[in-house]
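Scroll down for the structure; my scribbles are underneath it.
Every number in this text was worked out from the coordinates using simple rules, so none of it is lab data. The shown structure was predicted, so the numbers you read here are calculated from the model rather than taken from an experiment. Here the Cβ positions follow ideal geometry from the backbone for every residue, glycine too, while neighbour counts run over all protein chains shown.
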Amino acid sequence: MNNSQNVPGGNELLNPVDLIKNKLGVFYGARVADLGCGGAGFFVLQNAQIVGPNGIVYAVDILKSALANVEARAKILGFKNIKTIWSNLEKYGATKINNESIDFTLLVNILFQNKNHLEILKEAARLTKKGGKILVVDWKEGRFPIGPLPEDKIKPNDILSMVNGLGLSLEQQFDAGTFHYGMVLIK
């Protein structure tokens with residue numbers, strides 16, 4: 001089964017299937033949380049396809065409209081393994097998901113939009129179980145015709161400094177596309 005033909009795959013900026021399957025290693029039956037999933041839910045939908053009916057994907061966002069859009073798309077595509085959760089990721093413990101219950105946590109294009117990066121990373125670490133992985137994808141440094149202003153971008157080394165005290169270590173760092181870097185952190 002070719003995932004890209006069954007589920008909307010996203011845009012030209014990032015390849016959700018490559019990132020979650022090949023870089024992160026999401027598997028059938030896994031528990032995944034996409035923190036700051038956005039209204040299109042590209043990563044939510046791809047994860048739902050990969051984890052199958054025995055897995056679950058939590059779509060977490062602060063915008064209720066984004067969550068409603070993800071629910072509508074999931075319904076149209078027939079996914080019953082997606083659960084939407086409203087939360088402010090900048091408040092540690094606010095996400096209504098049990099501690100250390102998630103196999104894979106995603107922070108895709110979310111950090112540059114927020115000011116309290118450490119709290120978001122702490123929340124991701126809280127949710128992720130021992131041996132679980134966190135995928136961080138954000139904008140590369142520099143000026144581009146698209147994306148955030150350079151001063152709003154977060155450097156990979158800044159993330160690595162913050163996660164040091166959270167029980168996370170870097171598994172790999174890579175180019176996630178023309179304008180993005182990616183890293184996989186392991187707990």
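Quick look at the numbers
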quantity: Amide proton proximity set for ASP138, modelled H, under 5 Å, gap of 5+; calculated: ASN109, TYR181
quantity: Extreme residue, positive dipole direction of the chain, given options PRO145, CYS37, TYR58 (C-beta unit charges); calculated: TYR58
quantity: Convex hull per residue volume in Å³, alpha carbons only, for the stretch 34-187; calculated: 112
quantity: Charge tally in the Cβ shell below 15 Å around ILE110, where Lys, Arg are +1 and Asp, Glu are -1, ILE110 excluded; calculated: -4
quantity: Least to most buried among MET162, MET183 (fewest other Cβ within 10 Å first); calculated: MET162, MET183
quantity: DSSP bridge pairs, the chain: antiparallel proportion in percent, nearest 5; calculated: 40
quantity: Phi to ³J(HN,Hα) by Karplus 6.51 cos²θ - 1.76 cosθ + 1.60 over the stretch 129-136, Hz, x for Gly, Pro; calculated: 7, 4, x, x, 10, 10, 9, 10
quantity: Computed [θ] at 222 nm, helices only, for the chain once each DSSP H run of length n ≥ 4 contributes -39500 (n - 2.57); calculated: -7000 deg cm²/dmol
quantity: Cα centre as origin, Lys/Arg/Asp/Glu Cβ charges: the stretch 3-186 dipole, Debye; calculated: 500
quantity: GNM top mover of VAL163, VAL136, VAL70 - the chain, alpha-carbon springs below 10 Å; calculated: VAL163
quantity: Residue-wise HN-Hα coupling along the stretch 161-176, computed from phi with Karplus coefficients 6.51, -1.76, 1.60 (Hz; x: Gly, Pro); calculated: 5, 5, 7, 3, x, 9, x, 10, 9, 6, 8, 7, 10, 7, 6, 9
quantity: Lysines whose Cα lies under 17 Å from that of LYS96, excluding same-chain neighbours fewer than 8 positions away; calculated: LYS64, LYS83, LYS122, LYS129
quantity: Table column - 3J(HN,Hα) (Hz), the stretch 30-47, Karplus curve with 6.51, -1.76, 1.60, x for Gly and Pro; calculated: 6, 10, 10, 10, 9, 8, x, 5, x, x, 6, x, 3, 6, 4, 5, 5, 5
